[in-house]
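Below is one structure, written out as structure tokens; the observations come after it.
The values are calculated or read from the model by the stated rules, or taken from the named source; none is laboratory data. Everything numeric here is computed off the predicted structure, so don't read it as measured data. Every residue, glycine among them, receives a Cβ derived from its backbone with ideal geometry; neighbour counts consider all protein chains shown.
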Amino acid sequence: MKDQVVIRTSKVVLRPKGREDVEEDYAWRLDEELAELDAALPLRQSFQEFARRYDEESRFPTPWSKRFSIDTIDGKHIGNCMCYDINLSNGAAEMGIMIGDRNYWNRSYGYASVVALLDHMFSTTTLRRLYLHTLEWNIRARKCFERCGFTFRHMVQRDGKTFAYMDITKEYWTEIREERLKCRGDAITEGDKG
């Protein structure tokens, strides 16, 4: 069954991915700058093929990933975030985020989304560590992740690119949680999508 958790903060709402997101997601995947920030090539498939795969992933979710749309509090879809490669036996998962709508860059929407996802994953799962890879030169993203509580560990080479490997433990998140939530006035609540 599809995860129906909705995470609300004073700035963003993280909700399960839905069919209503497909057009923006497709446009963002075509965008060369967004693809470069994601260390990927712009999408080259048709909208119909993309929508078909999108629907398939929605109908058959896996327990190894949790995907959320990022909405503003007034309901505008501005990006996506997720945890993937979830491995409950070793207590770790990788995290990713993209604010696709440039009108919401540099306005703390990424910060609010990452903090909300961290809090959700650490409070509702047995995960003990979340990690990510961000391009070495993406200083804006690295600073955001550091403000959220991630620690830079080392550089990683993959596919001819250099990534900063960063992580955060549940233990450390517990220590800094209140401070991070207060930093932007975020009050996080969760509930079933109704």
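Which of the residues spanning the stretch 142-164 are closer than 20 Å to Gly110 by Cα, in contact with a strand residue (DSSP E or B) (Cβ under 8 Å, 6 or more places away or on another chain) and surrounded by fewer than 15 Cβ atoms within 10 Å (Cβ to Cβ)?
Glu146, Thr151, Phe152
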#### Entry: Evaluation of Gln48 against (1) more than 21 Å from Ser123 (Cα to Cα); (2) part of a strand (DSSP E or B); (3) among the polar types (S, T, N, Q) (one fails), failing number
(2)
### Query
Taking the stretch 57-92, which residues are part of a strand (DSSP E or B), more than 18 Å from Val6 (Cα to Cα) and of a type in the set (A, V, I, L, M, F, W, C)?
Ile86, Ala92
### Query
Is it the case that Ile99 is in contact (Cβ under 8 Å) with a residue 40 or more places away in the chain and touching a Phe, Trp or Tyr at 6+ places or on another chain (Cβ under 7 Å)?
no
### Message
Residues to consider are Ala164, Ala93; find the one that is in contact with an Asp or Glu (Cβ under 7 Å, 6 or more places away or on another chain) and within 18 Å of Asn80 (Cβ to Cβ).
### Response
Ala93
### Task
Could you list, in sequence order, all residues of the stretch 115-132 that are out of contact with any Asp or Glu (no Cβ under 7 Å at 6 or more places or on another chain), outside any loop (DSSP other than H, G, I, E, B) and free of Cβ contacts under 8 Å to residues at least 40 places away in the same chain?
Ser123
### Sole exception among (1) surrounded by fewer than 17 Cβ atoms within 10 Å (Cβ to Cβ); (2) at pLDDT 85 or above; (3) within 15 Å of the chain's Cα centre (by Cα); (4) β-branched (Val, Ile, Thr) for Val13, by number
(1)
### Query
Hey, among the residues in the stretch 81-96 that are in contact (Cβ under 8 Å) with a residue 40 or more places away in the chain and touching a helix residue (DSSP H, G or I) at 6+ places or on another chain (Cβ under 7 Å), which one's farthest from Ala141 (Cα to Cα)?
Cys83
### Query
Looking at the stretch 57-99, which of the residues that are farther than 19 Å from Leu34 by Cβ and surrounded by 19 or more Cβ atoms within 10 Å (Cβ to Cβ) is modelled with the highest pLDDT?
Ala93
### Query
Say we look at the stretch 123-141 and pick out the residues that are under 27 Å from Trp105 (Cα atoms) and of a type in the set (A, V, I, L, M, F, W, C); which of these is surrounded by the fewest Cβ atoms within 10 Å (Cβ to Cβ)?
Ile139
### Summary
By residue number, the members of the stretch 133-154 that are closer than 12 Å to Thr169 by Cα and part of a strand (DSSP E or B) are Thr151
### Task
Please give the number of the condition Tyr54 fails out of (1) modelled with pLDDT of 85 or more; (2) assigned to a helix (DSSP H, G or I); (3) not charged (D, E, K, R).
(1)
### Query
Residues in the stretch 22-44: is at least one loosely packed, with under 15 Cβ neighbours inside 10 Å, part of a loop (DSSP other than H, G, I, E, B) and at pLDDT 90 or above?
no
## Note on the structure
Result of the Cβ filter at 7 Å on the stretch 39-50, keeping first residues that are over 21 Å from His133 (Cα atoms) and partners that are in a helix (DSSP H, G or I), at least 6 apart or interchain, is Phe47/Tyr26; Phe50/Tyr26
